[in-house]
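**Student:** Right, I'll just put the structure down here and ask away after.
The values are calculated or read from the model by the stated rules, or taken from the named source; none is laboratory data. Remember, it's a predicted structure, so these values are computed and weren't measured experimentally. Positions of Cβ are generated from backbone atoms using ideal geometry, with glycine treated the same way; all protein chains shown enter the neighbour counts.
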């Protein structure tokens, strides 16, 4: 019988009651995000995207190997890309694996040796392969110790034969994580 259903008194709050406005004792519904906030966030996003486009347009044009005779002092992106492509063709290069410690190291040594052979007479380029062993503690979960033995680092130092206090040391990781495809 619909008349037997009791209505809740207005002063009793239940699970579906609305938040109260304590200043004047009235109930009000929560306000949706204001249009001004939405436009502000959208404007900020558009500004960031525009800044990225402007910065990207200021990057130098990547050069190909065929451009090298006209640009002998410039970075040749195609050559670097070819080395990177050959490195990723090896597949996964987990630290300590044959692929990383022998194949990748030999590939990098060959690439650097080619640079040394074709370097300008004023440049001094030094190649060194360092073997490192050691361990370190990881404070992760219950803690564990990570041990490595005879892990290789390919070190290249570029300097000038002309007296200069400046040189360039180049380093990067060339190994890959365990579950990666090696790319």
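**Student:** In the stretch 102-140, which residues are closer than 11 Å to residue 151 by Cα and over 23 Å from the mean Cα position of the chain (by Cα)? Give the steps one after another, and end with the answer.
**Tutor:** Kept after step one, since they are closer than 11 Å to residue 151 by Cα, are these residues of the stretch 102-140: 102, 105, 129-134.
Within the stretch 102-140, 102, 129, 130, 131, 132, 133, 134 meet the criteria.
**Student:** Could you tell me whether the stretch 96-111 includes any residue that is touching a helix residue (DSSP H, G or I) at 6+ places or on another chain (Cβ under 7 Å) and in contact (Cβ under 8 Å) with a residue 40 or more places away in the chain?
**Tutor:** From the stretch 96-111, those touching a helix residue (DSSP H, G or I) at 6+ places or on another chain (Cβ under 7 Å) are 104, 107, 111; that's our starting set.
Okay, now just the ones that are also in contact (Cβ under 8 Å) with a residue 40 or more places away in the chain, so 104.
So far as the stretch 96-111 goes, yes, one or more of its residues are touching a helix residue (DSSP H, G or I) at 6+ places or on another chain (Cβ under 7 Å) and in contact (Cβ under 8 Å) with a residue 40 or more places away in the chain.
**Student:** Name the residue, out of 150, 175, that is at pLDDT 85 or above, touching a helix residue (DSSP H, G or I) at 6+ places or on another chain (Cβ under 6 Å) and either loosely packed, with under 10 Cβ neighbours inside 10 Å or in a loop (DSSP other than H, G, I, E, B) (or both).
**Tutor:** Numbers: 150 fails: touching a helix residue (DSSP H, G or I) at 6+ places or on another chain (Cβ under 6 Å).
Answer to the selection: 175.
**Student:** Additional query: Answer yes or no: is there a residue in the stretch 120-133 that is within 20 Å of residue 176 (Cα to Cα), without any contact (Cβ under 8 Å) to a residue 60 or more places away in the chain and loosely packed, with under 10 Cβ neighbours inside 10 Å. Quick ask: steps written out before the conclusion?
**Tutor:** First, pick out the residues of the stretch 120-133 that are within 20 Å of residue 176 (Cα to Cα): 129-133.
Imposing the further condition that a residue be without any contact (Cβ under 8 Å) to a residue 60 or more places away in the chain reduces the set to 129-133.
Pick out the ones that are also loosely packed, with under 10 Cβ neighbours inside 10 Å and you get 130, 133.
Checking the stretch 120-133: at least one residue is within 20 Å of residue 176 (Cα to Cα), without any contact (Cβ under 8 Å) to a residue 60 or more places away in the chain and loosely packed, with under 10 Cβ neighbours inside 10 Å.
**Student:** Just to be sure, is residue 157 in contact with a strand residue (DSSP E or B) (Cβ under 9 Å, 6 or more places away or on another chain) and either at pLDDT below 85 or under 20 Å from residue 73 (Cα atoms) (or both)? Please lay out each step first, then the result.
**Tutor:** Working: in contact with a strand residue (DSSP E or B) (Cβ under 9 Å, 6 or more places away or on another chain): yes; either at pLDDT below 85 or under 20 Å from residue 73 (Cα atoms) (or both): yes.
Spelling it out, residue 157 is indeed in contact with a strand residue (DSSP E or B) (Cβ under 9 Å, 6 or more places away or on another chain) and either at pLDDT below 85 or under 20 Å from residue 73 (Cα atoms) (or both).
**Student:** Right, next: Within the set of pairs 6 or more residues apart or between chains, which connect a residue that is farther than 25 Å from residue 87 by Cβ inside the stretch 139-162 to a residue that is modelled with pLDDT under 85 and assigned to a strand (DSSP E or B) with Cβ atoms less than 7 Å apart?
**Tutor:** Close Cβ pairs satisfying both conditions: 144/138.
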